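Visitor: Once you've had a glance at the structure underneath, I'll fire off some questions.
The values are calculated or read from the model by the stated rules, or taken from the named source; none is laboratory data. A quick note: this is a predicted structure, and the numbers were derived from the prediction, not measured. Cβ placement follows ideal geometry from the backbone for every residue including glycine, while neighbour counts extend to all protein chains displayed.
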Amino acid sequence: MLFIFKGGTMKTKQSLISFVGLIAMQATSFNPAQAAESTSIKAPSVPITGNPLGAGSDQLVVPVYVLSGRELSITRESTIGETLTGTPGVSSSYFGPNASRPIIRGMDGDRVRIMQNGVGALDASSLSPDHAVAIDPLIAEQIEVIRGPATVLYGAGAIGGVVNVIDHRIPKEPLNGVMGRGETRFGGADNERSGAAVIDVGNGTFAIHADVYTRKTDDLSIPSSAQNKLIGSGRAEHVNKGKLANSAAKSDGGAFGASLTFDKGHVGVSYSESNNFYGTVAEPSVKVHMKSKRWDFSSEAHHLESFIERVKFRMAFTDYKHQEIDDGTIGTTFLNKGVESTLEAGHAKIGNLSGVIGLQTQNTRFSALGDEAFVPSTRTSSQGVYLYEELPIDRLKLSVGGRIDKTTVKSAGGGADDQNTLLPKFGDATSKQFTPKNLSAGALFSIDEHWGIATNITHTERAPTQNELFSNGAHVATNQYEVGNKNLAVEKANGIDAQIRWKSQKHSFNISAFYTKFDNFINVYNTGIINEGLKEANTIGVPATFTGMEAQGKFRIYEGIGDLDLNVRGDYVRATNEITDTPLSRIAPMRIGTGLDYQFAGFASKVDVLHGFKQDRVATNELATDGYTLVNATISYRLKTALHLEAFAKARNLLDEDIRDHSSFLKEIAPMGGRSVLFGLRGEF
């Protein structure tokens, strides 16, 4: 169930605007339940907090999807990846119900940058698919997804896109009074029992924030014959029927923040902790205990009467620990301590030209301790300078940006080899330095009040990561013996993205296509050699192309006794190794979705159908996955109480289909949850 409290003089925007989409054959689902709050509410353009010029979602050149308010409350799952999967262009790395990162346009890992309030999450989730993201969706107030390269503003790790989770733990606007929200829920395929509470108090100048959350789940219920595990002969056997073994979890966390707010800015700080204890699914006896402690600092001064009219500074320090526990014994420990900061200055308009210049720094110390450590202890530091400008000319808006980074990755080396000789497993201590350069140019042309066209051309570069450079060992989560490559060069790609947008009163639709060509797409490829009982996979860069389309639309088809909307969506990605002319691995199949949203007074309901096609365009030695049809439904009713309580029920996988997520490393042993119903209650004051 759920609560959401709201009050005082501070206004919170609660609208879901699914924006910009692009795909080859179809379209997407939109915001339903919002109209139940008030039949007269119009969905505004949602401001994108990550955009330096504060533009709304329909004013940006790049494709953006925003999830907030009631729709976020109903949509949220246990992980960020599962919360966003199914939206156009986004799939997940599903490693069971407890660890899942978003995959954007077929790209994952360090090509998708996950941020919290505009600053990197600084966890170790990109290192391995069994590492959970250290952000819980229960506390999220808004989630923004930028599809496609966003490297100029957010760093060289954003070739695939950006996911920015907003939690308002540092109040940034004057608050005079008390406001809050809360939610609680139970049920679902994993028998979830969860709750969250958020409160903000202020006197117009000083504001404080506090939040707390907890979640507990059991082993995931799956269709009765669902867990198929390949065995040596190539046959399949059914194991653990009805339950996904070792998928139970419990997590909790909270935060406290405070800030001083002024007419022209704010300064504030927050401290948060999160704890997560979950099974890894791939290994029945292994549990993970993850703990993250984080300090955030934020300040901004705006409407300054000078050439520099706005200055913003953000910084976060994270102390992250991930322990893998086998039958009660700690096996491998991953530690990551890091600090990231961004200083951004916006200049006054030069004619119609507006823009920002920024400086971003990051410094992390990573350690992997234990017998199963497959990467050495490393230190990574980067410093980047960027410039972004926009120029509106009548109906045309032009944008241009550039960025240059200096990245240094140092390995401590060491580690004993299998024969316990003096030869270090990770070699001698060494240092590698890279200078990624990123450029983008875009245009948004409003043909008339209904139609618009946008295009974006990018050159992106990404420095190799610590594991791509220095790994050497058995990586149980991917069932490979991974070998890094110290001779890797900067990963380079050129891409183009084009979109057509249409909006008329309560109807909207957009479709776009993208093409990205990599000179050297860095990935691990099986060599055919068996090392420590696992297939050896070397890290190399190969020419590769990613092409695809996404689309989404919302159409009001009835007004009278309530409102009825038709939603459509779809996406498609095709990724190819250009040397061998073979598919890249774990690319989600084409998906088509449709749904109906109905709202009347305090009542809202939604039925959504998503069809994923069979994926038989697979990499060498990769399993094909069957098609599926996922049917979900939700209903909600707003109670007439002082706390604005709203009850809801959410049914998933009504057809009880055996759904294998092709982008998952565990598609052969870890299906999605079976038919289930989750109940919730939320309120706000």
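Visitor: What about residue 301, is it free of Cβ contacts under 8 Å to residues at least 40 places away in the same chain, within 27 Å of the chain's Cα centre (by Cα) and in a strand (DSSP E or B)?
Guide: no
Visitor: Give region 304-328 a look and list any residue that's among the aromatic types (Phe, Trp, Tyr) and either out of contact with any Phe, Trp or Tyr (no Cβ under 7 Å at 6 or more places or on another chain) or not in a strand (DSSP E or B) (or both), or say none.
Guide: Listed by number, the residues that qualify are 307, 313, 320.
Visitor: Condition first: outside any strand (DSSP E or B) and touching a Lys or Arg at 6+ places or on another chain (Cβ under 7 Å). Now tell me which residues in region 447-464 satisfy that.
Guide: 450
Visitor: Only one of 521, 514, 546 is at pLDDT 95 or above, touching a strand residue (DSSP E or B) at 6+ places or on another chain (Cβ under 6 Å) and closer than 30 Å to residue 332 by Cα. Can you tell me which?
Guide: 521
Visitor: Please work out if residue 659 is of a type in the set (Val, Ile, Thr), surrounded by 20 or more Cβ atoms within 10 Å (Cβ to Cβ) and modelled with pLDDT of 90 or more.
Guide: yes
Visitor: Could you please give the count of residues in region 351-388 that are closer than 22 Å to residue 430 by Cα, aliphatic (A, V, I, L, M), in contact with a Gly (Cβ under 8 Å, 6 or more places away or on another chain) and not in a loop (DSSP other than H, G, I, E, B)?
Guide: Qualifying residue count for the region: 0.
Visitor: Just give me the residues in region 569-589 being closer than 22 Å to residue 85 by Cα and either of a type in the set (Lys, Arg) or surrounded by fewer than 18 Cβ atoms within 10 Å (Cβ to Cβ) (or both), in sequence order.
Guide: Within region 569-589, 569, 574, 586 meet the criteria.
Visitor: Then there is this: Quick check, is residue 109 surrounded by fewer than 24 Cβ atoms within 10 Å (Cβ to Cβ), more than 13 Å from the chain's Cα centre (by Cα) and at positive phi?
Guide: Judged against the criteria, residue 109 is not a match.
Visitor: Of the residues that sit in region 259-275 and are more than 18 Å from residue 119 (Cβ to Cβ) and touching a Gly at 6+ places or on another chain (Cβ under 8 Å), which one is surrounded by the fewest Cβ atoms within 10 Å (Cβ to Cβ)?
Guide: In this case the residue turns out to be 260.
Visitor: I need a count of the residues in region 608-634 that are of a type in the set (S, T, N, Q) and not in a strand (DSSP E or B).
Guide: The qualifying residues number 2.
Visitor: Being of a type in the set (Ser, Thr, Tyr) and under 30 Å from residue 515 (Cα atoms) is the filter here; which residues of region 151-194 pass it?
Guide: Across region 151-194, the qualifying residues are 151, 154.
Visitor: Also, quick follow-up: Could we say that residue 566 is part of a loop (DSSP other than H, G, I, E, B), surrounded by fewer than 19 Cβ atoms within 10 Å (Cβ to Cβ) and modelled with pLDDT of 95 or more here?
Guide: Considered against the rule, which asks whether it is part of a loop (DSSP other than H, G, I, E, B), surrounded by fewer than 19 Cβ atoms within 10 Å (Cβ to Cβ) and modelled with pLDDT of 95 or more, residue 566 comes out as no.
Let's see how each residue does on (1) more than 30 Å from residue 526 (Cα to Cα); (2) buried (at least 20 other Cβ atoms within 10 Å of the Cβ):
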| residue | (1), (2) |
| --- | --- |
| 558 | yes, no |
| 562 | yes, no |
| 592 | yes, yes |
| 595 | yes, yes |
| 621 | no, no |
| 627 | no, no |
| 634 | yes, yes |
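Visitor: Then there is this: In region 203-219, what residues are in a strand (DSSP E or B) and either modelled with pLDDT under 95 or surrounded by fewer than 21 Cβ atoms within 10 Å (Cβ to Cβ) (or both)?
Guide: 203, 206, 208, 210, 212, 214, 216
Visitor: Taking the residues in region 635-685 that are polar (S, T, N, Q) and within 23 Å of the chain's Cα centre (by Cα) as candidates, determine which candidate is farthest from residue 279 (Cα to Cα).
Guide: Among those residues, the one meeting the criterion is 653.
Visitor: Which numbered condition in (1) over 29 Å from residue 459 (Cβ atoms); (2) under 27 Å from the mean Cα position of the chain (by Cα); (3) surrounded by 18 or more Cβ atoms within 10 Å (Cβ to Cβ) is the only one that residue 365 fails?
Guide: For residue 365, the failing item is (3).
Visitor: Cβ-Cβ below 9 Å, separation at least six or inter-chain, first residue in region 581-600 and on the phi > 0 side of the Ramachandran plot and modelled with pLDDT under 95, second surrounded by 19 or more Cβ atoms within 10 Å (Cβ to Cβ) and part of a strand (DSSP E or B): which pairs?
Guide: Close Cβ pairs satisfying both conditions: 586/91; 586/103.
Visitor: Can you pull out the residues in region 276-313 that are among the aromatic types (Phe, Trp, Tyr), closer than 15 Å to residue 169 by Cβ and buried (at least 16 other Cβ atoms within 10 Å of the Cβ)?
Guide: 297 - this is the single residue of region 276-313 that is among the aromatic types (Phe, Trp, Tyr), closer than 15 Å to residue 169 by Cβ and buried (at least 16 other Cβ atoms within 10 Å of the Cβ).
Visitor: Has region 570-591 got at least one residue that is touching a Leu at 6+ places or on another chain (Cβ under 7 Å), over 25 Å from residue 671 (Cα atoms) and part of a strand (DSSP E or B)?
Guide: Yes, region 570-591 contains a residue that is touching a Leu at 6+ places or on another chain (Cβ under 7 Å), over 25 Å from residue 671 (Cα atoms) and part of a strand (DSSP E or B).
Visitor: Out of 604, 633, which single residue is in contact with a helix residue (DSSP H, G or I) (Cβ under 6 Å, 6 or more places away or on another chain) and aliphatic (A, V, I, L, M)?
Guide: Residue meeting the stated conditions: 604.
Visitor: Is it fair to say residue 481 is touching a Gly at 6+ places or on another chain (Cβ under 8 Å) and either modelled with pLDDT under 95 or surrounded by fewer than 17 Cβ atoms within 10 Å (Cβ to Cβ) (or both)?
Guide: Here the answer is yes, as residue 481 does meet what is asked.
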